[in-house]
Amino acid sequence: MPETSNHTTIEVVKNGPYLIRGPSRLCDSRGEAVPARGTVALCRCGNSSKKPFCDGTHAKTGFDGTRLAAGPTDNALQHQGKRITIHDNRALCAHAGVCTDNLPGVFRLGQEPWIEADGADAEAIVALIERCPSGALSYSIDGLHPASEPREPLVTVSKNGPYFVSGDLPLKADDNQPTCAGRYALCRCGASKNKPFCDGTHWAIGFDESRGLQAGVWTPPLGVRRFSLVFGGLLLAGTAAAILGIEAAGKWSVRELTRSGALIPELNFALEILLLAGLTFGYWLAKRGNIAAHRYNQTIWVLLNAVLVTLIMAGGMENAALESAADLARIGNWVPWLHATIGAATVIAGLWLVLQMNGLLPQWLHVRGWKTMMRLTFAGYWAVALLGIAVYYVWFLR
């Protein structure tokens, strides 16, 4: 048996692979050994063509290992029975189904509370909890936690799922640590919101270990990160320069070039349509699990929206200036103000999410229900775009 204890660790490289340093054993889902020597670099972006080993693809796809889930990973709920107390840490669950498949009387899908600690003999519950591969489940009897026994460091590459780590294999990471050091699951699809831990997202995105780049993942020229910086920078700078240049030249209205004669509103209209298409593409990227490209994509379009609001839309509201509440009865006033109200909320929410996705917000400001907020913000952009079309029609075409 290889040496154990503090001679072996797993290091989480920022935006890179997992490095196993020291003697350990690596096996596949059938329990067969995976040959490896020395320091082992395991893919965690999900797109290596040499899985489970890293081949550097994370740099091309712009993989981001930032943990997006809010809240600590050491918050376990207690379900107390007559003899045994079951501790359940949802933040670490990899949804392997070991518990619900084998003791449905204790671990009850679709019921609240979902754990009934007296649903089986304590011995049967203990035996099953010891099989929980993610360490999300633990137990205590009569208030005492069991003493851990030294075990061989082992990393199991599950089929189309996470790395299941067992034994004395400490995790070296800058963020949260597993509550059960001898059992935890590390994401290898690259899409978990609770990185480096698995949160079951591999099921949702259809992670396939037999392929290199996953469905929906694309690597443009220069790689995702460099391409996004170049494209985003040119788009934002070009848009701002065009707007400011038109204003400086006094060409706000050019009848021969546009149908409405309003050059800047026409430009704004075209860019809003492009922005909406870009955000919708980003939504598709997220649904396919291409989180890195989604992050860069949404950042570009949210910032473009902020530029348009600052340089065009905010100043344009002088056309809907209100002298009294009665002015809101006119369609030329209430539609723009409704557009501005929803638009302001959408801009704030979009910027907040972008800052969180890019790791620029402190943890205590992270939105816990970020998925809900993302969906609402995306719906808000659609609502603002439709209202923008209405404003364009009321002001320039009617």
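Listed values, structure above:
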read-out	value
Point-charge dipole on Cβ atoms (K/R +1, D/E -1) for the chain, about Cα centre, debye to 20	1000 debye
Whichever lysines have a C-alpha closer than 23 Å to that of residue 159, once near sequence neighbours (fewer than 8 apart) are set aside	50, 51, 193, 195, 287
Positive minus negative residues near residue 129 (Lys, Arg vs Asp, Glu; Cβ under 13 Å)	-2
The stretch 156-192-the stretch 20-75 distance, computed between alpha-carbon centres (Å)	9 Å
Computed lengthening from residue 14 to residue 314, 0.36 nm per intervening residue step minus Cα-Cα distance	104.0 nm
Gain upon complete extension [residue 211, residue 348; 0.36 nm per residue less C-alpha separation]	45.4 nm
Dipole-positive endmost among 161, 297, 248 within the chain (Cβ charges, Cα centre)	248
Helix-derived mean residue ellipticity, 222 nm - over the chain, DSSP H n ≥ 4, -39500 (n - 2.57), to 500	-12000 deg cm²/dmol
Cβ-derived FRET efficiency at R0 22 Å, residue 371 paired with residue 75, nearest 0.05	0.70
Rough spin-label spacing in nm, given labels placed 7 Å along Cα→Cβ, for residue 49 and residue 111	5.1 nm
Gain in span if fully extended, residue 148 to residue 386, counting 0.36 nm per residue against the direct Cα distance	79.7 nm
Choice from 64, 28, 168 showing the highest fluctuation, given a GNM over the chain with Cα pairs closer than 10 Å	28
Size-normalised alpha-carbon gyration radius of the stretch 124-216, reference 2.2 N^0.38 Å	1.20
Förster radius 45 Å - calculated FRET efficiency between residue 177 and residue 247 (Cβ-Cβ, nearest 0.05)	0.25
Relative contact order, percent, the chain [alpha-carbon distance under 8 Å, six or more residues apart]	16 percent
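Every read-out reported here was derived from the displayed coordinates using simple, explicitly stated rules and does not represent laboratory data. Keep in mind that what you see is a predicted model, and the values were worked out from it rather than measured. A quick note on method: Cβ atoms are made from the backbone with ideal geometry, for glycine too, and the neighbour counts reach across all protein chains shown.
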